[in-house]
Amino acid sequence: MKKLLFIIPLVIITISACAQQTESSVKVEEPQAVNYTTELVVPDISIAWGLAFLPDGSMLITEKSGDLIHFKNGTKTIISGAPDVYVRGQGGFLDVKLHPDYENNGWIYFTYASSEGEGTGGNTALMRAKLSGNTLTNQEVLYKAGPNTTRGQHFGSRIAFDNDGYLYFSAGERGDRDTNPQDITRDNGKIYRLYDDGRIPEDNPFYNTPNAKKAIYSYGHRNPQGLVKHPVTGEIWEHEHGPQGGDEINIIKKGKNYGWPVISYGINYDGTSFTDITEKEGMEQPLFYWVPSIAPSGLAIVSSDKYPDWKGNVLAGSLKFAYLERLVLENNKVVKREKLFEGIGRLRNVVQAPDGYIYIAAEGKGIYKIIPN
Amino acid sequence: MKIIASFCLLFLSGLFVSAFGQDKALEESIKRGSEIYQDFCITCHMVNGEGVAGSFPPLAKSDFLMKNREKSIRAIKYGMQGEIIVNGNTYNRIMANLGLLESEVADVMNYITNSWGNTNDKIVTEAEVLEIKK
């Protein structure tokens, strides 16, 4: 009996610690009629994290486990000279992106988990290099977040360029929620902005803040795995994984705090809560939040003429539910959500290629092209 | 809400049961394994090892885990791909290589084989994990 009495307060604490959540304002629907289908164009890739198209139409694919694959005329070639990748948990070879002026300067950018630098473990790094035959040359590490840690979570990462040629990339908070994202003197849980050669722009928001990491452009992020330039407005759009619930879409603005983990629409995986508030002055509200989480991976905003039904829509891969989510927006408000290609596989990436077609990467399968019926 | 609350309760009571009556080394290993689990496994196998129907097999009361010690260690050490049957359900998915150290594989094995109704008093050691090849 004594034992039982001891358990009662525990029960009460447990129940009250289990938080309730407000679902997304717009629910996801089954599509009515989809005028597009998918075609597997690159088979047999376990996790195709990043995808870039060279001017000849061939593809550069980063495989999370560490390979850089060049796919041309139906053949995969492993490129040598790729960065040394720290493969652990959610870390590995991450994104790949061509310089906007690639045709003239040949620069290719990569993010990856790296064990270089201070501490055991790894953290997100940014490298640029050139492709010469089947080898990378001129490798330059432009940024390495630190310190390293053996945690398995939240490396990010995606790379994007804006219309002025600045480079943005994301690094997740490395599973250190209460230390990293709100502290601008530390890496992780940040979106960074650099010149294309890795120098830090003097007008970065914390350039003159003592001890700050000067490359930071925005902070208070959890694990951003979607980052693109909006094809019409030129703004940088981002999405990030929340915990259980609370994935977000944000428009990235200079020096802003996106709130993690002080404000969030999510709760812990065990159902308990870590914050009671979803809004706070000085912290940005997301443009949209997902409850329940879809685990958004890969982000594209459709601008090509190949998909008249989808023009201006946001596409996000769902890692969790294995479908492509289409979000219709009016005045930057989500008004409709649709599940496309349900069951295609856990999606890791969504890219609108220079040829106007959209390509998606599904775990264990490879890369699919979306084609009109 | 009710479901979440009862999961929380289950979780707590699970912790209770596994905390008592174990020998010290196993107890310590389970404790470290619990941290590895939160860090590396929970996103797929979920908070009570229940998995996600159709996508991620359960670890709680998993016949596969409890009857295939070596295969389970190999899966956690190197990743796993291809058809398997867990509690009568077929899965044909991928678990990528998680990049754990041998000692971490042993710890998380001790945790998952002693949680959520699973029991295993034969401790998995680092040496045993080292022996297991691809």
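Just name the residue that is nearest to the other protein chains (Cβ to nearest Cβ) out of those in the range A:225-274 that are among the polar types (S, T, N, Q) and under 15 Å from the mean Cα position of the chain (by Cα). Don't jump to the end; show me each part of the working.
Residues of the range A:225-274 among the polar types (S, T, N, Q): A:225, A:233, A:244, A:250, A:257, A:264, A:268, A:272-273.
Still in the list and also under 15 Å from the mean Cα position of the chain (by Cα): A:225, A:250.
Values: A:225: 13, A:250: 22 Å.
Restricting to residues being among the polar types (S, T, N, Q) and under 15 Å from the mean Cα position of the chain (by Cα), the top hit is A:225.
Counting just the residues of the range B:63-75 that are open to solvent by 20 Å² or more (accessible area, probe 1.4 Å) and not acidic (Asp, Glu), which one comes out farthest from the other protein chains (Cβ to nearest Cβ)?
B:67
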Restrict the check to the range B:86-107 and report whether at least one residue is touching a strand residue (DSSP E or B) at 6+ places or on another chain (Cβ under 9 Å), open to solvent by 30 Å² or more (accessible area, probe 1.4 Å) and of a type in the set (Lys, Arg).
yes
Selected residue (criterion: most open to solvent (accessible area, probe 1.4 Å)) from residues of the range B:43-62 that are at pLDDT below 95 and assigned to a helix (DSSP H, G or I)
B:43
Counted residues, the range A:66-98 - those being open to solvent by 20 Å² or more (accessible area, probe 1.4 Å) and either among the hydroxyl-bearing types (Ser, Thr, Tyr) or closer than 19 Å to residue A:227 by Cα (or both)
7
If we scan the range A:74-81, do we find a residue that is within 14 Å of another protein chain (Cβ to nearest Cβ) and either of a type in the set (Lys, Arg) or farther than 30 Å from residue A:248 by Cα (or both)?
no
Scope the range A:99-122; condition open to solvent by less than 10 Å² (accessible area, probe 1.4 Å) and either within 20 Å of residue A:52 (Cβ to Cβ) or away from chain B (no Cβ under 14 Å) (or both); matching residues
A:108, A:109, A:110, A:111, A:112, A:113, A:114
Matching residues in the range A:133-180 (charged (D, E, K, R), in contact (Cβ under 8 Å) with a residue 60 or more places away in the chain and either within 14 Å of chain B (Cβ to nearest Cβ) or more than 25 Å from residue A:88 (Cβ to Cβ) (or both)) number 4
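A quick yes/no check of all residues on (1) among the aliphatic types (A, V, I, L, M); (2) surrounded by fewer than 21 Cβ atoms within 10 Å (Cβ to Cβ); (3) touching a Phe, Trp or Tyr at 6+ places or on another chain (Cβ under 7 Å); (4) at pLDDT below 95:
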site: A:225; (1), (2), (3), (4): no, no, no, no
site: A:228; (1), (2), (3), (4): yes, no, yes, no
site: A:238; (1), (2), (3), (4): no, no, no, no
site: A:246; (1), (2), (3), (4): no, no, yes, no
site: A:251; (1), (2), (3), (4): yes, yes, yes, no
site: A:266; (1), (2), (3), (4): no, no, no, no
site: A:280; (1), (2), (3), (4): no, yes, no, no
site: A:290; (1), (2), (3), (4): no, no, no, no
site: A:312; (1), (2), (3), (4): no, yes, no, no
Working only within the range A:162-187, note down all residues that are surrounded by fewer than 21 Cβ atoms within 10 Å (Cβ to Cβ) and closer than 21 Å to residue A:232 by Cβ.
A:162, A:163, A:164, A:165, A:166
Answer residue from the range A:351-373, given it is within 14 Å of chain B (Cβ to nearest Cβ) and over 16 Å from the mean Cα position of the chain (by Cα) and is most open to solvent (accessible area, probe 1.4 Å) among those:
A:365
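Would you say residue A:298 is in a strand (DSSP E or B) and not polar (S, T, N, Q)? Even if it seems obvious, please write down each step before you answer.
Numbers: in a strand (DSSP E or B): yes; not polar (S, T, N, Q): yes.
Considered against the rule, which asks whether it is in a strand (DSSP E or B) and not polar (S, T, N, Q), residue A:298 comes out as yes.
The values are calculated or read from the model by the stated rules, or taken from the named source; none is laboratory data. Owing to the predicted nature of the structure, the values given are computational and were not obtained by experimental measurement. Because the Cβ atoms are built from the backbone with ideal geometry, glycine has one as well, and the counts that use them run over all protein chains shown. Areas reflect the complete protein model, heavy atoms only, side chains present, ligands, DNA and RNA absent. Shrake-Rupley method; radii C 1.70, N 1.55, O 1.52, S 1.80 Å.
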